[in-house]
Amino acid sequence: MAEWGYVAIDKSGKEVKGSKTAESADQVSRDLKNQGLTVLEVKEQSVLSKDINIEIGGKPTPRDLGVFCRQFASITRAGVTIIQALQMLAEQTENKRMQRALLSVRADVEKGETFADSLAMHMDVFPELLIQMARAGEASGSLEISMERMATQFERSSKTQALVKKAMIYPIVVAIVAVVVVIIMLVVVIPAYTDMFEQLDTELPGITLAVVAVSDFIQAYWFILAPVIAGVIFGIKVFSTTYTGKHLFGKLALKIPAIQNLVTKSAAASMARTLSTLLSSGVPLIEAVDIVSETMTNIWFKEALKDAVQQIMVGSPLSQPVQACGLFPPMVHHMLRIGEEAGSTEEMLDRLADYFEEEVEMAVQSLMAAMEPMIIIVLAGIVGVLLGSVMAPMVTMYSALDNL
């Protein structure tokens, strides 16, 4: 997947610029044409050439989108027109970026555009999943039901993301504190003890000499170390967006025992919930699986579902490629096969989603419980080395005094 910048003309003759993530320029052109735009230019963007958009308010979170969908369904069910509903929701949303998008959607709907096509003009704000659900709802005359299903989808996605973030906050905070403490020890405390022992003409033990050497190096070359560390972090971030980087980090996430369980179950829960939502709204299976593949964060799961689309097109049931890829837990393809044979795929996917969402919550709790002692052991080792480097000369000095 790459980032593509585009220039197009809408139906009113207005020039539209933006960016879109896609496999190729042809895919970007097709998506834009489906939105009723006339494509003028599509060009791949590099890290240096990406459009810089300074906006107040970030991209809407799943919680923001869940609130929007839930309120939209409630308001329109009460007899309020879509145009009025969009105006009301735009006035009350706190996310400025989403507010501007909703006002633009309202204006497009007022001109005669469909709700889904109007949302598609703002794919940087509204995900493709929501757009497809809105289109399916309009086609079947059940837009309120589709929006309610999307509200449930976003709410559960928000809950899962919150659980994962909660698991990461503790180790990140502890790691930051540990780095700060180590830097203070090496830059302030160790040099003070070094001066003291040099005045006493005491021979420093090996562990102290090693720590002192690290301290001296940091103090002498901090102006080189800081940009090097920043450059490494930036390089890793850029590398993670490349084809090779996505595969490498995706594979690591599936191989590291501590997070493998969480990554796999999160992917299964997301796939089952999203696919169930799409199928229950009348989206064809091939199109639904293709949309679901774009929502997967790990590229290995994304490519597995892309391959599943090709297998379904030649007549294979979904359960076969899901089993063949070997990424999803066995329960996924077993339940899918049962649903396909019984004609209740959506129901089985709902059950799978409920089950794996509970499993994700348990996996997060298990991960946090396992990480706490590991972090304590690592910190104890670091502090032990630093304390040992400080105490060892004192022990040596006292032993020398006792021998006099």
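The values are calculated or read from the model by the stated rules, or taken from the named source; none is laboratory data. The shown structure was predicted, so the numbers you read here are calculated from the model rather than taken from an experiment. Positions of Cβ are backbone-derived with ideal geometry, glycine not excepted, and every protein chain shown enters the neighbour counts. Note: areas computed on protein heavy atoms with side chains; ligands, DNA, RNA excluded. Shrake-Rupley method; radii C 1.70, N 1.55, O 1.52, S 1.80 Å.
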Discussion item. Let's see if you can work this out: charge +1 on each Lys and Arg Cβ, -1 on each Asp and Glu Cβ, no other charges. What is the dipole magnitude of the stretch 322-404 about its Cα centre, in debye to the nearest 20?
Written reply: 680
Discussion item. Between the stretch 322-368 and the stretch 282-300, what is the separation of their alpha carbon centroids in Å?
Written reply: 15
Practice prompt. Answer rounded, prolate or oblate for the stretch 266-328, using the Cα gyration tensor with square roots of eigenvalues a ≥ b ≥ c: rounded when a/c is under 1.5, else prolate when a/b is larger than b/c, else oblate.
Written response: oblate
Discussion item. Between helix 257-280 and the chain, what is the angle of the helix's C-alpha long axis to the longest principal axis, kept within 0 to 90° and rounded to the nearest 10?
Written reply: 10
Worksheet, complete the sentence: Restricting to Cα pairs under 8 Å and 6 or more apart, the percent relative contact order of the chain works out to 14
Worksheet item: So, by mean Cβ neighbours within 10 angstrom, what's the order for 68-77, 144-153, 103-112, 174-183 with the highest one leading?
Response: 144-153, 68-77, 103-112, 174-183
Practice prompt. Answer rounded, prolate or oblate for the chain, using the Cα gyration tensor with square roots of eigenvalues a ≥ b ≥ c: rounded when a/c is under 1.5, else prolate when a/b is larger than b/c, else oblate.
Written response: prolate
Worksheet item: What order, most packed first, do the peptides 247-258, 281-292 have when packing is the mean number of other Cβ atoms within 10 Å of each residue?
Response: 281-292, 247-258
Item to complete: Can you find, among G388, V232, V314, the residue farthest towards the positive end of the dipole of the chain? Put +1 on the C-beta of Lys and Arg, -1 on that of Asp and Glu.
Response: V314
Worksheet item: Percent of accessible area on the stretch 182-340 owned by carbon and sulfur, 1.4 Å probe?
Response: 68
Response to the item:
Helix-only [θ] at 222 nm, the chain, -39500 (n - 2.57) per DSSP H run of 4+, per residue, nearest 500, equals -25500 deg cm²/dmol
Response to the item:
Note on the stretch 219-261: alpha-carbon gyration tensor, axes a ≥ b ≥ c; rule is a/c under 1.5 for rounded, else prolate if a/b larger than b/c, else oblate; result oblate
Fill in: Unit charges on C-beta of K, R, D, E only; dipole of the stretch 139-180, Debye
200
Worksheet, complete the sentence: With a 24 Å threshold on alpha-carbon distance, the violating pairs from K20/K59; K20/K265; K33/K96; K20/K255; K255/K302; K20/K165 are K20/K265; K33/K96; K20/K255; K20/K165
Worksheet item: Quick one: putting +1 on the C-beta of Lys and Arg, -1 on the C-beta of Asp and Glu, what dipole do you get for the chain around its Cα centre, in Debye to the nearest 20?
Response: 600
Discussion item. Among 128-138, 385-395, how do they line up by average Cβ neighbours within 10 Å per residue, starting with the highest?
Written reply: 128-138, 385-395
Response to the item:
Log10 I(q)/I(0) at q = 0.08, 0.11, 0.17, 0.20 Å⁻¹ for the stretch 245-399, from Debye over equal alpha-carbon scatterers, is -0.34, -0.52, -0.97, -1.23
Worksheet item: GNM, the chain, Cα, under 10 Å: largest mean-square fluctuation among A192, A90, A268?
Response: A192
Discussion item. In Å², and per residue, what accessible area does the chain have when probed at 1.4 Å with the other protein chains present?
Written reply: 55
Discussion item. Output the 0 to 90 degree angle, nearest 10, between the alpha-carbon long axis of helix 299-313 and the longest principal axis computed from the alpha carbons of the chain.
Written reply: 30
Worksheet item: In the stretch 134-234, with Lys and Arg counted as +1 and Asp and Glu as -1 at Cβ, which of these residues, L209, S146, I184, has the Cα nearest the positive end of the dipole, that is, farthest along it?
Response: S146
Practice prompt. Assuming R0 = 41 Å, can you tell me the calculated FRET efficiency for the pair S344 and K165, based on Cβ-Cβ distance, to the nearest 0.05?
Written response: 0.75
Worksheet item: Full extension from A213 to E372: what is 0.36 nm times the residue separation minus their Cα-Cα distance, to one decimal in nm?
Response: 54.1 nm
Worksheet item: Among I338, I224, I83, whose mean-square fluctuation peaks in a Gaussian network model of the chain (Cα, cutoff 10 Å)?
Response: I224
